[in-house]
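**Student:** Would you mind keeping the following structure in view while I ask a few things?
The values are calculated or read from the model by the stated rules, or taken from the named source; none is laboratory data. No experiment lies behind these values; they were computed from the predicted model shown. No Cβ is skipped: glycine too gets one built from the backbone with ideal geometry, and neighbour counts run over all protein chains shown. The area values use the complete protein model at the heavy-atom level, side chains included, leaving out ligands, DNA and RNA. Shrake-Rupley method; radii C 1.70, N 1.55, O 1.52, S 1.80 Å.
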Amino acid sequence: KQEVTQIPAALSVPEGENLVLNCSFTDSAIYNLQWFRQDPGKGLTSLLLIQSSQREQTSGRLNASLDKSSGRSTLYIAASQPGDSATYLCAVKTRIGGSEKLVFGKGTKLTVNP
Amino acid sequence: NAGVMQNPRHLVRRRGQEARLRCSPMKGHSHVYWYRQLPEEGLKFMVYLQKENIIDESGMPKERFSAEFPKEGPSILRIQQVVRGDSAAYFCASSVRTGGIETQYFGPGTRLLVL
């Protein structure tokens, strides 16, 4: 059974700090891994998607890495800003019961203090 | 191209009533997923539908919950005889497959509160 764990559950940092969010998954047979941002009361915004054959993806101040064999991914946020405050969700796409599904972690709630 | 639309955005029901949640996929998308997010939890897969077909409903409770995606109109997630434990955010995603890669696009969610 695929399980996704995100550590830490919550993180509070001062503005300007570089930070790393962690995601681990139990079954390495994944199609891809995706990082989402969720603002309070809002939907999900896709940040980065890493295919299983890739090692990392970058977008602006964000960099996500994937080590499929060890079942780990990290999301690196450079020079954090108060506007980065949100919950960050990690999800892996895997085949369960005959169809492809996204399996989500519980998220890391990030607060960036001005 | 409008994104995935869900309505209502907020829904309040009393125990025992029915809740109907609607999802309009992005134009050209024929696959719809429903997820549920309980407070302080991640999203959990409920059901995967294509037009007029339920492909995978393994994540949906066996009783009181049903879903459909008709040939015309939005996908509907229906919860009968709601209980307080049904209070959650329900997200819909539609998807398209390009070059063998499927990408899901999420709607803003419907927040259901059962009193």
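**Student:** Report the residue count in the stretch B:11-49 for those that are within 27 Å of A:Cys90 (Cβ to Cβ) and in a strand (DSSP E or B).
**Tutor:** The total comes to 16.
**Student:** Right, something else. Taking B:Arg78 as the residue in question, decide whether it is in contact (Cβ under 8 Å) with a residue 60 or more places away in the chain, assigned to a strand (DSSP E or B) and away from chain A (no Cβ under 13 Å).
**Tutor:** Values: in contact (Cβ under 8 Å) with a residue 60 or more places away in the chain: yes; assigned to a strand (DSSP E or B): yes; away from chain A (no Cβ under 13 Å): yes.
Taking the combined requirement at face value, the residue satisfies it.
**Student:** Now, a different point. Mind checking which residues of the stretch A:1-14 are more than 15 Å from the chain's Cα centre (by Cα) and part of a strand (DSSP E or B)? Give the steps one after another, and end with the answer.
**Tutor:** To start, the set of residues in the stretch A:1-14 that are more than 15 Å from the chain's Cα centre (by Cα) comprises A:1-2, A:12-14.
Answer for the stretch A:1-14, where residues must be more than 15 Å from the chain's Cα centre (by Cα) and part of a strand (DSSP E or B): A:Ser12, A:Val13, A:Pro14.
**Student:** Of the residues B:Arg111, B:Arg78, B:Arg84, B:Arg97, only one is under 21 Å from A:Leu49 (Cα atoms) and open to solvent by 40 Å² or more (accessible area, probe 1.4 Å); which? I'd like the intermediate steps shown before the answer.
**Tutor:** Working: B:Arg111 fails: under 21 Å from A:Leu49 (Cα atoms); B:Arg78 fails: under 21 Å from A:Leu49 (Cα atoms); B:Arg84 fails: under 21 Å from A:Leu49 (Cα atoms).
Residue meeting the stated conditions: B:Arg97.
**Student:** As an exercise: evaluate A:Arg37 against (1) modelled with pLDDT under 95; (2) under 26 Å from B:Gly100 (Cα atoms) and give the number of the one condition it does not meet.
**Tutor:** (1)
**Student:** For the stretch B:1-53, which residues satisfy the criterion of being within 11 Å of another protein chain (Cβ to nearest Cβ) and among the hydroxyl-bearing types (Ser, Thr, Tyr)?
**Tutor:** Once the filter is applied, which keeps residues that are within 11 Å of another protein chain (Cβ to nearest Cβ) and among the hydroxyl-bearing types (Ser, Thr, Tyr), the stretch B:1-53 yields B:Tyr33, B:Tyr35, B:Tyr48.
**Student:** While we're here: When both residues are 6+ apart or on different chains and their Cβ atoms are under 9 Å apart, which pairs have a first residue that lies in the stretch B:54-72 and is away from chain A (no Cβ under 11 Å), and a second that is part of a loop (DSSP other than H, G, I, E, B) and polar (S, T, N, Q)?
**Tutor:** B:Glu63/B:Gln80; B:Glu63/B:Gln81; B:Arg64/B:Gln80; B:Arg64/B:Gln81; B:Phe65/B:Gln80; B:Ser66/B:Gln80; B:Phe69/B:Ser30
**Student:** OK, next. Which of the residues that make up the stretch B:50-76 are small (Gly, Ala, Ser) and closer than 18 Å to A:Arg95 by Cβ? Working first, answer last.
**Tutor:** As a first pass, look at the stretch B:50-76 and keep what is small (Gly, Ala, Ser): B:58-59, B:66-67, B:73, B:75.
The answer is B:Ser58, B:Gly59.
**Student:** Now for a separate question. Give the residues of the stretch A:64-109 that are in contact with a Ser or Thr (Cβ under 8 Å, 6 or more places away or on another chain) and β-branched (Val, Ile, Thr), sorted by residue number.
**Tutor:** Answer for the stretch A:64-109, where residues must be in contact with a Ser or Thr (Cβ under 8 Å, 6 or more places away or on another chain) and β-branched (Val, Ile, Thr): A:Thr74, A:Thr87, A:Ile96, A:Val103, A:Thr108.
**Student:** Right, another one. Please enumerate the residues belonging to the stretch B:1-10 that are part of a loop (DSSP other than H, G, I, E, B) and more than 20 Å from B:Arg64 (Cβ to Cβ). Can you show your working first?
**Tutor:** Filtering the stretch B:1-10 down to residues part of a loop (DSSP other than H, G, I, E, B) leaves B:1-4, B:8-9.
Within the stretch B:1-10, B:Asn1, B:Ala2, B:Gly3, B:Val4, B:Arg9 meet the criteria.
**Student:** Please list, ordered by residue number, the strands (runs of 3 or more DSSP E) wholly in the stretch A:15-114 having 1 or more residues that are within 14 Å of chain B (Cβ to nearest Cβ) and within 22 Å of B:Gly42 (Cα to Cα). Break it down stepwise before answering.
**Tutor:** Values: elements: A:19-25, A:32-38, A:44-51, A:56-59, A:62-67, A:72-77, A:86-96, A:99-104, A:108-113.
Fully inside the stretch A:15-114 and qualifying: A:19-25, A:32-38, A:44-51, A:86-96, A:99-104, A:108-113.
**Student:** Okay, moving on. Here is a list of conditions, (1) acidic (Asp, Glu); (2) modelled with pLDDT of 95 or more; (3) over 20 Å from A:Phe104 (Cα atoms), and B:Asp86 meets all of them except one; can you say which number that is?
**Tutor:** (3)
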